[in-house]
Amino acid sequence: MTGWEGFAFSFLNARVAAEYWPKILEGLGVTVLLAALVVASGLALGLGLAVLRSLGIRPLNWAIVFVVDLFRALPPLVLIVLIYFGLPAAGIGFSGFGATWLALTLVLMAFAEEIFWGSICAVPKGQWESGRALGLHFLPTLRLIVLPQAIRIAIPPLTNRTIAITKGTALGSVVAVAEILGAAQSAMAFSGNPTPLMLGAIAYLVLFLPVVVAGRWVETRFAWRR
């Protein structure tokens, strides 16, 4: 077979697609679950570190900066491999799903902390002074006045970062996580046909295209207008 007929047989094989699309659908469910867990835990930890950093305790700040820079510098794939294959040697074992979740959470935590910290620093100094004028101490001023403004500033860059990190769930396939890419690769190996990879690509479009469109709306909605 040559031309379009050969392409359709290899990449758009209806028989293979009908047989393996349930596996791709299961992989889509795993991807959604993993992404939701990574985003929730990574953003929460990042915000927590930024709040701790705002306390101004110098040794604590040094430790936070070191941890954040470390996980910003390490590639997510290297982290996944280290956690999955390296930690068992120290008696700490993780499943492929757990290793991927932990690695991507640490990466998102590091980037989110920097975004939240930059947003806190971007709040005008007068906002802190207004809190003191109202008789509020540091923590109430941070919680009631500064953080609501900082989070609003942080939303657009955080949206882009969360989209990027959810795409990183595909790295879980290297440790046998049956997310979209892992399910597609497995199905391709069993079928001897790359059609499941096309199904995986369609699944990624179905998942991420609405997320990207929603991210564009969020960026516009929460952007500061001058």
Mean Kyte hydropathy of 1.6 or more with a Cα span along the axis of at least 24 Å, helices from DSSP in the chain: none
Fluctuation leader among Ala110, Ala178, Ala14 - the chain, Gaussian network, Cα springs under 10 angstrom: Ala14
Prolate/oblate/rounded label for segment 1-106 (Cα gyration tensor, a/c 1.5): prolate
Taking the convex hull of Cα positions in segment 71-162, its mean projected area over all directions (nm²): 7.7
Whole-Å semi-axes of segment 78-226's equivalent ellipsoid (Cα gyration tensor): 41, 22, 8
By average C-beta atoms within 10 angstrom, highest first, the peptides 27-37, 52-62: 27-37, 52-62
Proximal charge balance of Ala189 [Cβ under 14 Å; K/R count +1, D/E count -1]: 0
The chain: relative contact order in percent, alpha carbon pairs under 8 Å with at least 6 residues between: 32
In order through segment 137-142: 3J(HN,Hα) via Karplus (6.51 cos²θ - 1.76 cosθ + 1.60), integer Hz, x for Gly, Pro: 7, 4, 5, x, 5, 4
Extent along principal axes [Cα atoms of segment 124-190; Å; largest to smallest]: 69, 19, 12
Dipole moment magnitude, nearest 20 debye, the chain about Cα centre, only Lys, Arg, Asp, Glu C-beta charged: 880
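Each value in this text was obtained by applying a stated rule to the coordinates, not by laboratory testing. These numbers come from a predicted model, not from an experiment. Glycine gets a Cβ as well: all are built from the backbone with ideal geometry, and neighbour counts include every protein chain shown.
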